[in-house]
Amino acid sequence: MAKLRENQTAAAAASQNLLCLSSANDSLRRVLSYQTVLIGDLRQNNSILTSESQQLQMEKSALERQVEKLRRERTELSLTRTQRILDAYCPKTGDKEERLCNPCQKGWLLSPSKSSCYLVVTNNYHEWKTWEEAGEDCRQRNADLLVIENGHEQEFICKINERSSYSYWIGLRRINGVWKWVDGSDLTESYWINRPSDNNDCAASVQWRSPKGWIAGNCAGKYQWICEMKALSI
């Protein structure tokens, strides 16, 4: 009888062990299945990343070619601009193609101080410009609207246009109630003919009135203009 109970106990233990092993086997199968899915996902992600890496490499190569092209174009533009400046200030003379350099480009006037060059832009009425447009035209010429620093310069400008019956934009504008030159400096000496009104914020030079000087005009109005650039030191 005791032997029977011993066998039953052993059988129960064996059955319990079998259940544990079966449960462990199921767990291992689930882990293996999960790992199989995970490996599949990793392979898919690796394939996607490889494809993206190849695409990025192609885009990088294309950008490098574009940068190189832009670098060549910039070099060519720089050389072209340098050549234009050289031709403007130092035109060729005679058959030997020798160059004679001038402080100002052709058509520009040298200031009394020999530090600046002026271009008085005179054209037909339909080609007159607003203050902003005039400034942009000057910048296209590597210059800016005229800045009058002292009385000598003002007198010289008056003599340039003393026979003109038109107004010319200069580089003076009122910003937040303060008159400033386009180079950022404050207005220290002024030559207003009349006190500027509150709604006219851009300055123009006039010589057809007496006394000669400046008027404040509507910035959207259209006048002729005067550009200024640094003179070439020779």
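Quick notes on this structure:
- Restricting the range 123-137 to residues that are assigned to a helix (DSSP H, G or I) and at pLDDT below 95 leaves a set whose member that is farthest from the chain's Cα centre (by Cα) is Tyr125.
- Any hit, the range 94-103, residues being under 28 Å from the mean Cα position of the chain (by Cα) and modelled with pLDDT of 75 or more: no
- None of Pro211, Pro196 is outside any strand (DSSP E or B) and surrounded by 17 or more Cβ atoms within 10 Å (Cβ to Cβ) except Pro196.
- Members of the range 174-193 that are under 18 Å from Ile148 (Cα atoms) and not in a strand (DSSP E or B): Val182, Asp183, Gly184, Ser185, Leu187, Thr188, Glu189, Ser190, Tyr191, Ile193
- Residue within the range 217-234 that is within 20 Å of Val120 (Cα to Cα), among the aromatic types (Phe, Trp, Tyr) and either surrounded by 13 or more Cβ atoms within 10 Å (Cβ to Cβ) or outside the structural domain of Asn150 (by TED's automatic domain parsing) (or both) present: yes
The values are calculated or read from the model by the stated rules, or taken from the named source; none is laboratory data. Because the structure is predicted, anything quoted here is derived from the model rather than measured. Cβ coordinates were reconstructed from backbone atoms using ideal geometry, including for glycine residues, and neighbour counts include every protein chain displayed.
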